[in-house]
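What follows draws every value from the coordinates through simple rules; no lab data is involved. Computed from a predicted structure; not experimentally measured. Here the Cβ positions follow ideal geometry from the backbone for every residue, glycine too, while neighbour counts run over all protein chains shown.
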C-alpha cells in the first residue's frame, strides 16, 4: 500500500494554506489569523504544536507590519517572546495582533492567541521587527 503525500508547496503562502492558516482579516486596528486544531497540526497530547503557534504569531504580526508598505520597504523578525498559557485542543487558535510601537528602525507587535472553543487566552507574544529600509521612514 503506498501513501501519497501532498505536492510540495510552491511558495510560503501555499505552504501556509497546506498547514491550514486562514486568510488574514482586519478588525479595527487589529489583524486576525486563525489556525484550526486539525489532526495534522496537533501534538501527541492533542494541542496545536507549539512551533505552529509560534509560526501563527509571526505570520499575523509580520502581515500586520507590512500591510500597506511598498514591497521593498519591508520588515524582518528580529526577535519574539512567547508565553504559552494553555493548549488549543479544539476549534482554532485565534491570533490577534496590534502594533504597539512603529518607529524608524523597528516595529513592536503584541499578539494574543485565544482558543476559539473557550475564548480563553492560550498564548501571549511580543514580536520585534527591524525595518529593512529605515532611511525611508524619517
So how do 101, 94 line up by other beta-carbon neighbours within 10 Å, fewest first?
101, 94
Just from its helices, what would the mean residue ellipticity at 222 nm be for the chain, if runs of 4 or more DSSP H residues each count -39500 (n - 2.57) and the sum is divided by every residue, rounded to the nearest 500 deg cm²/dmol?
-5500 deg cm²/dmol
Can you give the relative contact order of the chain as a percent, counting alpha carbon pairs under 8 Å and 6+ residues apart?
23
Separation between Cα centres of segment 26-52 and segment 76-121, rounded to whole Å:
11
What do you get for the angle between helix 50-66 and the principal long axis of the chain? Use alpha-carbon atoms, 0 to 90 degrees, nearest ten.
30
